[in-house]
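Asks: I am attaching a structure below and will ask some questions about it afterwards.
The values are calculated or read from the model by the stated rules, or taken from the named source; none is laboratory data. The model shown is predicted, which means the values in this text are computed figures rather than measured ones. Every residue, glycine among them, receives a Cβ derived from its backbone with ideal geometry; neighbour counts consider all protein chains shown.
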């Protein structure tokens, strides 16, 4: 979303400027020469003839309007969602702000979980508020393995100076695959 | 320019914290606001036109042409006013659009640190010198594999952004304490400034792939 916003912002700005320039130019050109029968850059007299005859309830009008509304909704979503998904940590003094990315936290947790022998593999997703671990056990998983994995994750979270301690959920499945 | 020299000892801790917070990444607030604003205009306009087209505002209204003779007559009643407004809106769009595009593609500033400014002289530490000093020192901290630093922010309120790539076995708390005591304290002292807002980003070193099963 952030990349999309970085790409869209200059394009939208240029499109806006181009639209404004066209409007201003065409209006001034027609003002100066009222008799000329065609537009300066865009053939707006032809468009006007079409717009004069098409009524609001004809199907293409609604279709174009819905398309424009969908584009607008997309822009609103891009604008609202283009935040950096960063995880704040506590710095040693107030004038030092420390952040890391969810990817880094997920890698740390995953490495800690996979380091034990009783876990065959693990997938981790992390965010500011929530760390979810899906671990695979060699044998039929029991509740003690889940608690062991959770303890390991909590131990790691103790070591990190995270500003807000995320909630930890652990699910354990049996390993399906070759040993 | 009336920028006061950086005498951060007089700055409130809250302002410092805010500066450090703002140095984390380039701000996209302006871009996001404009995207939401333009998106809302398109969304509302599109929905209203669609409703009109489906006859929600009356079937008689929907059966009229897009360029309603009624509106054309109203514009013809005061042609100069209508043209003036159209030109003004066009010029406004050009100004806003160009300003937005320029803002979006402008690279982020790297301000120099001004240590002392009098009427005719100024003692300035260039942004590259600051960045190299900080990143060179930071890379010597145990547990840090690679470090990168740059100055960010406004000319009269500079801050430093440091990215640290940590080794697998690094203790984050220890590294941060060392960064403050060994690197930033030395930098502040040697540059002769009271405090320097700093934003640190922690990354993991990805150079050596780690075995998935230990």
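Asks: Go through (1) surrounded by fewer than 17 Cβ atoms within 10 Å (Cβ to Cβ); (2) touching a strand residue (DSSP E or B) at 6+ places or on another chain (Cβ under 7 Å); (3) under 27 Å from residue B:162 (Cα atoms) for residue A:91 and report which single condition fails.
Replies: (1)
Asks: Checking residue A:99 against (1) touching a strand residue (DSSP E or B) at 6+ places or on another chain (Cβ under 7 Å); (2) more than 8 Å from chain B (Cβ to nearest Cβ); (3) modelled with pLDDT of 90 or more, only one condition comes out false. Which one?
Replies: Status for residue A:99: all satisfied but (2).
Asks: Being under 27 Å from residue A:54 (Cβ atoms) and surrounded by 12 or more Cβ atoms within 10 Å (Cβ to Cβ) is the filter here; which residues of region B:72-105 pass it?
Replies: B:72, B:75, B:82, B:83, B:85, B:86, B:87, B:89, B:90, B:93, listed by residue number.
Asks: Kindly establish whether residue B:98 is assigned to a helix (DSSP H, G or I), touching a helix residue (DSSP H, G or I) at 6+ places or on another chain (Cβ under 9 Å) and under 28 Å from residue A:58 (Cβ atoms).
Replies: In short, no.
Asks: Next up: When you scan region B:162-175, do you find a residue that is in the same structural domain as residue B:117 (by TED's automatic domain parsing), surrounded by fewer than 17 Cβ atoms within 10 Å (Cβ to Cβ) and at pLDDT 90 or above, even just one?
Replies: Yes, region B:162-175 contains at least one residue that is in the same structural domain as residue B:117 (by TED's automatic domain parsing), surrounded by fewer than 17 Cβ atoms within 10 Å (Cβ to Cβ) and at pLDDT 90 or above.
Asks: When you scan region A:14-39, how many residues do you find that are farther than 17 Å from residue B:89 by Cβ, surrounded by 14 or more Cβ atoms within 10 Å (Cβ to Cβ) and within 13 Å of chain B (Cβ to nearest Cβ)?
Replies: Count: 1.
Asks: Restricting attention to region A:68-85, and to residues there that are more than 7 Å from chain B (Cβ to nearest Cβ) and in a loop (DSSP other than H, G, I, E, B), which single residue is nearest to the chain's Cα centre (by Cα)?
Replies: A:83
Asks: Quick one: residue A:117 ticks every box in (1) exposed (fewer than 13 other Cβ atoms within 10 Å of the Cβ); (2) modelled with pLDDT of 85 or more except a single one, so which number is it?
Replies: Every condition holds for residue A:117 apart from (2).
Asks: If you take the residues in region B:159-205 that are part of a strand (DSSP E or B) and more than 7 Å from chain A (Cβ to nearest Cβ), which one is farthest from residue B:116 (Cα to Cα)?
Replies: B:166
Asks: Another one. Residue check: is residue A:116 touching a helix residue (DSSP H, G or I) at 6+ places or on another chain (Cβ under 9 Å) and facing chain B (nearest Cβ under 10 Å)?
Replies: Considered against the rule, which asks whether it is touching a helix residue (DSSP H, G or I) at 6+ places or on another chain (Cβ under 9 Å) and facing chain B (nearest Cβ under 10 Å), residue A:116 comes out as yes.
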